[in-house]
Amino acid sequence: MELAVLIVVVVAAVLAGLVVYKTVRIVPQARARNVERLGRYRKTLEPGMNLIVPFIDRVKPLIDLREQVVSFLGQPVITEDNLVVKIDTVLFFQVTDPRAADYEIVDYIQAIEQLTATMLRSVIGSMDLEVTLTSRDKINTMLRGVLDDASGKWGIRVTRVEIKAIDPPKSVIDAMEKQMRAEREKRAAILTAEGVRQAQILTADGDKQGNVLRAEGDKQSAILKAEGQAQAIGTVFQSIHANDPDPKLLAYQYLQTLPQLAQGSGNTVWMIPSEVTSALKALSSAFDGGGGGQNAAGGNGSGPAGRPALAQQLQSLTGGPAAGPGPDSPAEALDAAGGAVGGASAVTAAGSPGAVTAAASAEAAGAVREADAKLAAAVQEANGVVEAGGAAGSEADGQAQG
């Protein structure tokens, strides 16, 4: 008896537990479950605890209401230029109506996949390969619009569609790589040429500016040099005119300049100008014209004491010392010429116009002619010495070259 009661109690507990299990349904958050009563849709269970009629109501599987991601791989699509490409897509969707998703479509995942492949063929078929590779945003937008409209009656909302990969054929990839490589090489060559062109332009511009600046500097330098020379010449000219030089000073300067004409290394033969006689006469008159016989005897007159400077000038003209003492040497010829000219000047200065006789005038003229003749002989002798020195120099050069 007790055993039978225990069995009844156990069976009643099991039945009570089974009833409770069939009556209470707990639905997680962001999930939904459809309930059918005797095979007909009755309601959709909300998240939390729900009560149903056991053994009469049937609860269908959970439906996820969160946004889901589905990846569709390898959809073959033919482009407008008859190239087969494989496109990988990623689809983001969310169930908004559990009843429609459960009763309007058998498998909404498969339906979305097939709809995506169909729409890809329709969209890509109107584009060539180049446009397909560069129009992903456009393709995504078109696919999302079409899929959202088609899946709306299934209680599904398509949020995003992304093209994950577009794989052209291997031959097309190789051709595209060659094309891109050629295009990059072309751009590199163009950039290199542009760089060389810019460098040459900048270099030419720099050379031009440098030449202009150097020309400006040369111009300013020439102007400053010319201005300096003009100021120097003006100063010398003004000084000369302020001091009022006479022909005697100019004759002396002329004699000092003559030795400088013979100092050149290539001067082997030098001809003494004919103006030397006039200069000597003017210089002799300078020595004798100041004070008569006393100045001639004591200073730079016709006496021997006043003529060493003139003898040295003549020695420098001839290139060496005089030939030696005697009436025919250059020094004595200069002394004689100076004495004759000085004597004639003294006679002219000492007497009056009435006292000068014809004999004195004839004597002075003869002395001048004799001095000119001796000076000419001395000059010829000096020229001979210079030519001999030049010949000796040429022979020495020939020996040195040999």
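For the stretch 61-132, run through the trypsin sites (Lys or Arg not before Pro) and keep only the ones in DSSP coil with at most 13 other Cβ atoms within 10 Å of their Cβ. Could you put the intermediate results ahead of the total?
On the way: sites: R66, K86, R99, R121; in loops: R66.
Passing sites in the stretch 61-132 are R66.
First measure r as the distance between the Cβ atoms of Q220 and A165, then evaluate 1/(1 + (r/R0)^6) with R0 = 51 Å and state the FRET efficiency to the nearest 0.05. Intermediate values should be presented prior to the final figure.
Details: r = 74 Å, r/R0 = 1.44.
After rounding, the FRET efficiency stands at 0.10.
Evaluate E = 1/(1 + (r/R0)^6) for L83 and A193, where r is the Cβ-Cβ distance and R0 equals 45 Å; express this FRET efficiency to the nearest 0.05.
Step by step, r from the Cβ atoms, then E = 0.80.
Hey, quick one: spin label on R42, modelled 7 Å out along Cα-Cβ, who in the stretch 1-35 has an amide N within reach, i.e. under 13 Å?
22-25, 34-35
Please go through the residue pairs K86/K138; K86/K153; K22/K153; K186/K208; K138/K164 and name each one whose alpha carbons sit more than 25 Å apart in this structure.
Details: K86/K138 18 Å; K86/K153 29 Å; K22/K153 32 Å; K186/K208 32 Å; K138/K164 14 Å.
The pairs that break the limit, which is 25 Å between Cα atoms, are K86/K153; K22/K153; K186/K208.
Work out how much length L6 to V69 would gain on full extension: take 0.36 nm times their residue separation and subtract the Cα-Cα distance, in nm to one decimal.
Details: separation 63, 0.36 × 63 = 22.68 nm, distance 5.47 nm.
In short, 17.2 nm is gained.
What span do the alpha-carbon atoms of the stretch 90-194 cover on each of the three principal axes, reported in whole Å from largest to smallest?
69, 27, 19 Å, listed from the longest principal axis down.
Please compute the length gained on full extension between F55 and Y103, using 0.36 nm multiplied by the number of residues separating them and subtracting their Cα-Cα distance.
Extra length from F55 to Y103 when fully extended: 15.1 nm.
If we count every other residue with Cβ under 12 angstrom of Y41's Cβ, Lys/Arg +1 and Asp/Glu -1, where does the sum land? Can you show the working numbers first?
Working: positive: R33, R37, R40, R42, K43, R58, K60, R99; negative: E36, D57, D102, E104.
Neighbour charge sum, excluding Y41 itself: +4.
Using packing as a proxy for protection, rank 161-170, 143-152, 50-59 so that the peptide with the highest average count of other Cβ atoms within 10 Å comes first. The partial results should precede the final answer.
Numbers: 161-170: 15.4, 143-152: 17.3, 50-59: 13.9.
Averaged packing, sorted descending, gives the order 143-152, 161-170, 50-59.
How many nm is it between the label spots at A111 and R25, if each spot is 7 Å from the Cα in line with the beta carbon?
Taking the simple label geometry, A111 and R25 are separated by 2.1 nm.
What is the spin-label model distance, in nm, from D149 to Q231 if the labels are put 7 Å beyond Cα along the C-beta direction?
Once both label points are built, they end up 9.7 nm from each other.
With each pseudo-label sitting 7 Å past Cα toward Cβ, what's the D128-K208 distance in nm, one decimal?
4.5
Each value in this text was obtained by applying a stated rule to the coordinates, not by laboratory testing. Since the structure is predicted, the reported quantities are computational estimates derived from the model, not experimental observations. In this analysis, Cβ positions are derived from the backbone assuming ideal geometry, glycine residues included, and neighbour counts consider all displayed protein chains.
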